[in-house]
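In what follows, a structure is listed as structure tokens, so that the remarks can point back to it.
The values are calculated or read from the model by the stated rules, or taken from the named source; none is laboratory data. Small disclaimer: the values here were computed from a predicted structure and weren't measured. All Cβ positions, glycine included, derive from the backbone under ideal geometry; neighbour counts span all protein chains shown.
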Amino acid sequence: MEEQDEKKFVKDICRRDVDFSQWYIDVIRKAELADYAPVRGCMVIRPYGYAIWELLRDALDERIKATGHENAYFPLLIPESFLAKEAEHTEGFTPQVAWVTQGGTEVLEERLALRPTSEAIICQMYAKWIRSWRDLPVLINQWANIVRWEKVTRLFLRTTEFLWQEGHTAHRTDDEAREEALKILELYGDFMNEILAIPVYKGVKTDRERFPGALQTYTVEALMPDGRALQTGTSHNLGQHFAKVFDITYLEEDNKLHYVWQTSWGVTTRLIGALIMVHGDDAGLKLPPRVAPVQAVVVPITFEKTKEDVLAKAHALADELEVAGLRAKLDDRDEYKPGWKFNEWELRGAPLRLELGPKDVEKGVVTAVRRDTREKTAVPRDKIAAWAKDTLEAIQGDMLAAASAYLKENTKTVDNHDDFYLLFEGRPGFVRAPWCGETPCEDQIADETGATIRFIPLEPEDARGKDCAGCGGKAKVWAYFAKAY
Ligand SMILES: [Zn+2]
């Protein structure tokens, strides 16, 4: 009976090499991370998925605050006239904006947008609040929901409504704004490395991929196991575009009015999609310990005679781990056999499984199994808390190392048109190639191969003397191309 259940369990998740997209959806639904909502393109984040979001959010929030930023909250509704002020910004977002046209029974005089991003409303307020150089810099972050009317949606990666944080800062100088945008890029990269165990590339977007209204968009890019890149965060140097249209001025020490320099930056619930894809395997989710809602699950193995004793000891074990600061859980559900629970917690990605049966009790050990390597260890009962703590740290590091090796293996360099086009008949991951710097060439590459320039390194690598991998013209810089989500 037990064996049958286990088979059924695994059968319900599509294998990754058979259909990666199906595997992704199966894991999300079977692990109860999220579900489709009645409104097309919207998703319900279920408690287990939301617990991951909370851990991730709290870890990032701590870092945002540690660098001097404060949280605030701005309204969801933005008057159309505000949104229309910055032309490029408006054009960029118009196709995705959802509108409120009626309040109760009354048709509104001015349509209200459900925020597709908050520059328009925040700049309006900054124009009011910022008076003198003494008010600067303004370093505000907001945790909020966003609505973008997407045509094609995918759970966590692209949904009509999603959660994010958006930082909006105002500065006295161009340099200060650029430093801020780069500081945040660094912060995002470290956060993804250290907390999510996801290695990323950092770079700058080309004009084609720039945020509408920004001077420069910096990006962090990760690689998924199907060879597609995923943009996991962006940081924009907005220059004075928004300051000029929203009239955000301040009195400088020279007694003259100056426009402020601004940045904005954000990461979204998409990071959960990245976590699922980067670390998961055919058995399901594999969570890095720092964002695992359950870091160690205790599964008692009970038999009629010894049940009471084993259960009591399993309870004590879970309690002890919690006291030691671990997120531990006792799975004492009576209606499921241990084999079922093993599979379920593998699917849900708990980094450590601790089995406790009568034989373990007799020998004074706990049988511990790592989710990432499936390595089984008999750990002396009196050493378990310290062992679990150390092992969780090791798992966190090993998961980052594994993902980093994959990223390295799947970043290739080519220096000619033919090899470049040949590679993109498949999904080669990141391809570093010489590029001429021209947008029409970039457009053509995208049309013909489906690949886009994900970023140019922050320290541009000179490619003069090479031919552009796209048009064959004179190359300027090395660019990183990929097919992307
Ligand atoms: Zn070219």
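Residue by residue through segment 472-485, note down the ones that are within 13 Å of the ligand (Cβ to nearest atom), touching a residue at least 40 places away in the same chain (Cβ under 8 Å) and surrounded by 14 or more Cβ atoms within 10 Å (Cβ to Cβ). Can you show your working first?
Here is the first cut: in segment 472-485, the residues within 13 Å of the ligand (Cβ to nearest atom) are 472-479, 481.
If we keep only those that are touching a residue at least 40 places away in the same chain (Cβ under 8 Å) too, we end up with 472, 475-479, 481.
Passing the criteria: 475, 476, 477, 478, 479, 481.
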Matching residues in segment 84-125 - criterion: being in contact with a helix residue (DSSP H, G or I) (Cβ under 6 Å, 6 or more places away or on another chain) and in a strand (DSSP E or B): 110, 111, 113
Failed criterion for residue 432 (all others in (1) surrounded by 18 or more Cβ atoms within 10 Å (Cβ to Cβ); (2) within 13 Å of the ligand (Cβ to nearest atom); (3) not aliphatic (A, V, I, L, M) hold): (2)
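Okay, residues lined up against (1) in the same structural domain as residue 301 (by TED's automatic domain parsing); (2) over 19 Å from residue 326 (Cα atoms); (3) under 27 Å from the mean Cα position of the chain (by Cα):
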site	(1), (2), (3)
360	yes, yes, no
367	yes, no, no
370	yes, no, yes
373	yes, yes, yes
376	yes, yes, no
380	yes, no, no
384	yes, no, no
387	yes, no, no
397	no, no, yes
Filtered residues of segment 455-471 (kept if within 15 Å of the ligand (Cβ to nearest atom) and surrounded by fewer than 16 Cβ atoms within 10 Å (Cβ to Cβ)): 464, 465
Residue in segment 386-400 that is modelled with pLDDT of 95 or more, away from the ligand (no atom under 16 Å from the Cβ), of a type outside the set (A, V, I, L, M) and touching a Phe, Trp or Tyr at 6+ places or on another chain (Cβ under 9 Å) present: no
Spans of helices (runs of 4 or more DSSP H) in segment 231-345 with at least 1 residues without any contact (Cβ under 8 Å) to a residue 12 or more places away in the chain, surrounded by fewer than 24 Cβ atoms within 10 Å (Cβ to Cβ) and not assigned by TED's automatic domain parsing to the domain that holds residue 63: 307-323
Per-region count, segment 196-224, residues surrounded by fewer than 19 Cβ atoms within 10 Å (Cβ to Cβ) and in a loop (DSSP other than H, G, I, E, B): 2
Failed criterion for residue 446 (all others in (1) of a type in the set (A, V, I, L, M, F, W, C); (2) under 30 Å from residue 182 (Cβ atoms); (3) surrounded by fewer than 18 Cβ atoms within 10 Å (Cβ to Cβ); (4) over 30 Å from the mean Cα position of the chain (by Cα) hold): (4)
Residue identified as small (Gly, Ala, Ser) and closer than 30 Å to residue 23 by Cα among 357, 349: 349
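Please pick out the residue among 421, 406 that is within 16 Å of the ligand (Cβ to nearest atom) and not assigned by TED's automatic domain parsing to the domain that holds residue 211.
Details: 406 fails: within 16 Å of the ligand (Cβ to nearest atom).
The unique qualifying residue is 421.
Just to be sure before I move on: is residue 452 under 19 Å from residue 203 (Cβ atoms), of a type in the set (Val, Ile, Thr) and away from the ligand (no atom under 12 Å from the Cβ) in the structure I sent?
Working: under 19 Å from residue 203 (Cβ atoms): yes; of a type in the set (Val, Ile, Thr): yes; away from the ligand (no atom under 12 Å from the Cβ): yes.
Spelling it out, residue 452 is indeed under 19 Å from residue 203 (Cβ atoms), of a type in the set (Val, Ile, Thr) and away from the ligand (no atom under 12 Å from the Cβ).
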Total residues in segment 180-203, condition of a type in the set (Asp, Glu) and without any contact (Cβ under 8 Å) to a residue 40 or more places away in the chain: 1
